1. Assuming Thr11 fulfils every condition listed in (1) within 29 Å of Lys135 (Cα to Cα); (2) open to solvent by 20 Å² or more (accessible area, probe 1.4 Å); (3) modelled with pLDDT under 95; (4) β-branched (Val, Ile, Thr) apart from one, which condition is it?
2. Does any residue in region 114-128 that is within 13 Å of Gly92 (Cα to Cα) come within less than 6 Å, Cβ to Cβ, of a residue that is open to solvent by 20 Å² or more (accessible area, probe 1.4 Å) six or more places away or on a different chain, and which pairs are these?
3. Given (1) at pLDDT 95 or above; (2) under 16 Å from the mean Cα position of the chain (by Cα), where does Gly66 come up short, assuming only one miss?
4. Would you check which residues across region 181-203 are open to solvent by less than 40 Å² (accessible area, probe 1.4 Å), farther than 15 Å from Phe41 by Cα and not polar (S, T, N, Q) and list them?
5. Can you work out which of the residues in region 163-180 that are part of a loop (DSSP other than H, G, I, E, B) and open to solvent by 60 Å² or more (accessible area, probe 1.4 Å) is modelled with the highest pLDDT?
6. I need the helices (runs of 4 or more DSSP H) fully contained in region 39-140, keeping only those with at least 2 residues that are buried (at least 19 other Cβ atoms within 10 Å of the Cβ), among the polar types (S, T, N, Q) and touching a helix residue (DSSP H, G or I) at 6+ places or on another chain (Cβ under 9 Å).
Amino acid sequence: MSNNAATSTGTDTLRNLPENIWISLLFRAVPAIVGALVITFTQDHNARFGFAVFGAVVLWSGIIVGFEGIGVKGHPARVYVLIRSLLNVLAGGFSLFMATGGHDWATAQSFIITVATWGIITGIVELLAAFMSRKHSMYSSEILIAGALTTLLGVIVAFVPPELNDQYGGIQNVEGSLTADVQSIGFVGAYFAILGVLLVIEAISLRAALRRRAQEGPKEGAAA
């Protein structure tokens with residue numbers, strides 16, 4: 001195999017992939033990490049709090065994804081990205097509405113249904129996007145991991161019993177209870193933390209790969 005052919009094979013997974021797409025991955029990591037920190041350092045985990053944090057993070061992420069789908073020229077999965085943006089905006093807006101006062105709809109059951117429905121549907125859309133952009137393996141791997149993680153969140157939260165309320169006694173006779181609110185919000189916080197870290201890693205890796213592609217381009221031209 002010639003040097004030119006080997007170089008071409010090595011860059012096939014990045015061919016025609018927009019150079020600034022890694023920026024969206026990095027921006028999407030910010031709300032996820034912030035949401036994880038808020039959940040971790042807040043003690044009162046009730047449904048209204050869960051709706052507020054989940055809604056803010058998902059809405060923020062949906063806006064970023066929407067700008068990605070519209071602003072990134074030649075996006076390999078534009079349609080699916082815009083669908084994901086719409087799902088996030090709808091779920092985020094609905095959750096923030098549920099978190100507001102004036103009604104008693106913010107229950108553990110409604111929070112579980114909202115997160116589970118959003119997670120399963122959004123995860124499936126992300127998995128489809130990964131399949132459609134599979135020729136760009138560096139980018140599709142991020143969507144595949146995020147899609148699998150989001151689907152897993154939806155499935156796990158769906159199995160949280162809304163009536164869960166287990167009393168426990170801890171060290172130094174500190175009593176408490178594991179409720180459906182606490183468990184489901186805890187799952188959401190863990191999801192935000194893992195997703196945020198993965199997005200940062202993927203953004204850095206993709207940026208490095210795109211830089212190598214840019215450096216190899218002039219070399220190919222000179223060799224030709």
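1. Going through (1) within 29 Å of Lys135 (Cα to Cα); (2) open to solvent by 20 Å² or more (accessible area, probe 1.4 Å); (3) modelled with pLDDT under 95; (4) β-branched (Val, Ile, Thr) one by one, Thr11 breaks only (2).
2. Pairs found: Thr122/Leu87.
3. Just one mismatch for Gly66, condition (1).
4. Asp181, Tyr191, Leu195, Gly196, Leu199, Glu202, Ala203
5. Selected residue: Glu163.
6. 78-99, 108-132
Conditions tested, residue by residue: (1) charged (D, E, K, R); (2) modelled with pLDDT under 95; (3) under 13 Å from the mean Cα position of the chain (by Cα).
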residue: Leu86; (1), (2), (3): no, no, no
residue: Asp104; (1), (2), (3): yes, yes, no
residue: Thr107; (1), (2), (3): no, yes, no
residue: Ser110; (1), (2), (3): no, no, no
residue: Arg134; (1), (2), (3): yes, yes, no
residue: Ser137; (1), (2), (3): no, yes, no
residue: Gly147; (1), (2), (3): no, yes, yes
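The values are calculated or read from the model by the stated rules, or taken from the named source; none is laboratory data. Just so we're clear, the structure is a prediction, and the values are computed from it rather than from any experiment. Cβ sites come from the backbone with ideal geometry, for glycine too, and all protein chains shown count toward neighbours. Protein only, heavy atoms only, side chains kept; ligands, DNA and RNA dropped before computing areas. Shrake-Rupley method; radii C 1.70, N 1.55, O 1.52, S 1.80 Å.
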